Structures are given as structure tokens and as C-alpha cells.
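The values are calculated or read from the model by the stated rules, or taken from the named source; none is laboratory data. Because the structure is a prediction, the values reported are computed rather than measured. Note that we place each Cβ from the backbone using ideal geometry, even for glycine, and neighbour counts take in every protein chain shown. Please note that ligands, DNA and RNA were not included when accessible areas were found on the heavy atoms of the full protein model with its side chains. Shrake-Rupley method; radii C 1.70, N 1.55, O 1.52, S 1.80 Å.
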Amino acid sequence: SLCYRTTEQIMSAVGALGKVISTEEFGEDGVGAGELDYRLIGRRPEYHAFQDQAQQWRWIAQQLDPNQADLFDGTAILCATKREVQDAMNYLRQYQLGYCDLEQYDGEPRPGVKVGTMKRAKSLEFYRVFVPNLGGQSRIEALGDEDLFIEAASELYVAMSRARDHLILSGIGYPTYLLKDATQSLSITDHSND
């Protein structure tokens, strides 16, 4: 009943998503373990809204400081698809930021931001996690099949719960419908007029 892996604030947002997916599977609190007591208390997870991809990635790059090695190397960018992973790596190269592809990651300490799919991040843990492309026009919103929608939501659940201390979600415009119940647990910043 003690949670040492992440903060109460992060699990509040994760639990809100879990309840949208299935209270039967994830329980009334959305985290599936009944009443939890948290050892880590932190800041609220964030959602950052942007007007386009270029603005989103410019802002993410500004948050990544290679001179803060522990924080930089302990950061992951988790994406829904392999195509989005490739796009993320291209942006990191453009901004001359080192990264490690999760497909080649064995859990041993390696320099660089870890980049991979939400699915590949299962069972891993990172100090800070960025999950981009979660705006209302995201791939998840476009899924018409209920089974595919639930699968995508479950992968997002995994991605969000990989963050130990800091969870940063972002997208073009308002958050995806999946995050509707989590928005009260999120600190939301609109950068579209920056």
C-alpha cells in the first residue's frame, strides 16, 4: 500500500486516465491497487499547449540542458508511434541534443535523453518524462475503433506512470479527450500566443 516509485500528484493524473479506460481493470481510484500512501510528494504534472509542432519541439528542446547531466540523462521522451519517435530524434538532432534510442537501451546508465515508444517504456522508470503530441487533434483522437482507442489509452497510462518526479505532457491545442478527467490534476499552460 506504499508507493515509492512516483509522486502522489503524478498518480492522481494517471488514476484519472485509468478510470476513463476501465474502473473494472484499474479500480475506483484508477491505479488498481486500492488505497495508496505516497512517499514522494512533488509538483503537479503539466500540460503545455502549442500552435504547431515546431513550437512544441522548440520549447521541449529549451527544457533539456545537457549541462545538468543527471537530469538530462534521466529524462525520457515517450511517443505513441515509431514515426513519432523518429520525428523526436530528428528534432533532438536539429537542436544538437544527445539521445539514446530505447530500442537499444538495456537499463544501464547511458548518456542522453531516452527516446522511444510508450509501449517500449513499460517497466522502465525515469526522473522526468515528456509525452508530446497529446493535443485534441492527436492520433488517439482519430482512432475510430474502440479497441484501438483503449489500447492507445493503456499505452498512454504506461507512459505517464513512468515518471518518478516530473511529468510533462504537450500537444497542439487543448488536451486529448482521454485527459479530460486528468485536467484538474494538471497545471495547464497555453503557449500558442508566445
* To do: Quick one: in the range 60-73, of everything that is in a helix (DSSP H, G or I) and touching a residue at least 12 places away in the same chain (Cβ under 8 Å), which residue is most open to solvent (accessible area, probe 1.4 Å)?
  => ASP70
* Every residue from the range 74-112 that is open to solvent by less than 50 Å² (accessible area, probe 1.4 Å) and in contact with a Leu (Cβ under 6 Å, 6 or more places away or on another chain) -> LEU97
* Structure fact -> For the range 155-173 the number of residues that are surrounded by fewer than 18 Cβ atoms within 10 Å (Cβ to Cβ) and closer than 15 Å to GLN137 by Cα is 1
* Asked: Among strands (runs of 3 or more DSSP E) lying entirely in the range 107-194, which contain 2 or more residues that are closer than 15 Å to CYS79 by Cα, among the aromatic types (Phe, Trp, Tyr) and in contact (Cβ under 8 Å) with a residue 12 or more places away in the chain?
  -> 126-131
